[in-house]
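One structure below.
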Amino acid sequence: MSAMNEHREKMSAVVTGCTSGLGRSLFNKFSAEGWSVTGCGRRIQLLESLKEDKNADASTVPCDIRLENHVLNLRSVIRAKPGYIDALVLNAGTIGQLPLPAFDQINLMELRRLFESNVFANFNVVQKLLPLMNAKGIIVHITSDASRTPYAGWSGYGASKAAFN
Ligand SMILES: NC(=O)c1ccc[n+]([C@@H]2O[C@H](COP(=O)([O-])OP(=O)(O)OC[C@H]3O[C@@H](n4cnc5c(N)ncnc54)[C@H](OP(=O)(O)O)[C@@H]3O)[C@@H](O)[C@H]2O)c1
């Protein structure tokens, strides 16, 4: 990740869901490697706690990616930074109902919420941020082997990740 773009000083990345888990690690890695990185998530305190050790061009934006106005605000923050997005990491996601329900126990509203987060929210992000992508930039989507392999209890999540794929 340390390569520099010949046309400007810094490479630029966006990481959705940077408050915990993989997204938080990726945000910190991009930041440590000197990228201009923008991360988003809903938990404000966890976004705030990322500020302590990030570089000057790393920023976090409170954003629920399911909401169009939130993603438009995220886009405004990214647009204000120099250059285009080199790497967009679609990491934000949810596993939904826990404990994972057997097929006949899946709540239809919960299933809809799962698709809202794992599918439609990502459509929202890609649609809004595509105009800001570098033509040679990459979009990385964090899927799951459950999208291809049937595991007992994972059908709702797996179906949402399959749709995401
Ligand atoms: N953990 C695993 O074993 C595993 C395996 C295969 C795939 N995955 C996938 O890998 C990705 C990361 O997983 P993880 O284990 O690191 O999960 P995690 O710790 O639960 O983190 C999920 C991140 O997504 C964010 N997020 C969820 N819904 C959001 C929304 N509507 N708007 C904005 N941000 C949202 C959360 O932030 P806020 O709550 O602050 O909004 C959080 O930062 C997910 O897509 C997951 O499906 C995980």
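The values are calculated or read from the model by the stated rules, or taken from the named source; none is laboratory data. On a predicted model such as this, the values are computed, not experimentally measured, just so you know. Here the Cβ is made from the backbone with ideal geometry for all residues, glycine too, and neighbour counts use every protein chain on show. Just the protein is used for accessible areas: all its heavy atoms, side chains included, with ligands, DNA and RNA removed. Shrake-Rupley method; radii C 1.70, N 1.55, O 1.52, S 1.80 Å.
Could you list all residues from the range 150-165 that are within 13 Å of the ligand (Cβ to nearest atom) and either open to solvent by 60 Å² or more (accessible area, probe 1.4 Å) or of a type in the set (Lys, Arg) (or both)?
Selection gives TYR151, TRP154, LYS161, ASN165.
Considering only residues that are under 19 Å from LEU129 (Cβ atoms) and of a type in the set (Lys, Arg), look in the range 3-35 and name the one that is modelled with the highest pLDDT.
Among residues in the range 3-35 that are under 19 Å from LEU129 (Cβ atoms) and of a type in the set (Lys, Arg), the one modelled with the highest pLDDT is LYS10.
What helices (runs of 4 or more DSSP H) completely inside the range 36-149 contain at least 1 residues that are within 11 Å of the ligand (Cβ to nearest atom), open to solvent by 40 Å² or more (accessible area, probe 1.4 Å) and modelled with pLDDT of 95 or more?
In the range 36-149, 44-49, 68-79, 108-115 are the helices (runs of 4 or more DSSP H) which contain 1 or more residues that are within 11 Å of the ligand (Cβ to nearest atom), open to solvent by 40 Å² or more (accessible area, probe 1.4 Å) and modelled with pLDDT of 95 or more.
Cβ contacts < 7 Å: first residue on the phi > 0 side of the Ramachandran plot, restricted to the range 14-33; second residue outside any loop (DSSP other than H, G, I, E, B) and surrounded by 15 or more Cβ atoms within 10 Å (Cβ to Cβ), any location; separation 6+ or different chain. Result?
What qualifies is GLY17/GLY23; GLY17/GLY41.
Could you tell me whether PHE120 is more than 24 Å from THR38 (Cα to Cα) and in contact (Cβ under 8 Å) with a residue 12 or more places away in the chain?
no
Does the range 7-35 hold any residues that are of a type in the set (Ser, Thr, Tyr), within 9 Å of the ligand (Cβ to nearest atom) and in a helix (DSSP H, G or I), and which are they?
Passing the criteria: only SER25.
Taking the range 24-58 as the search range and keeping residues that are within 14 Å of the chain's Cα centre (by Cα) and of a type in the set (Ser, Thr, Tyr), which one is nearest to LYS10 (Cα to Cα)?
THR38
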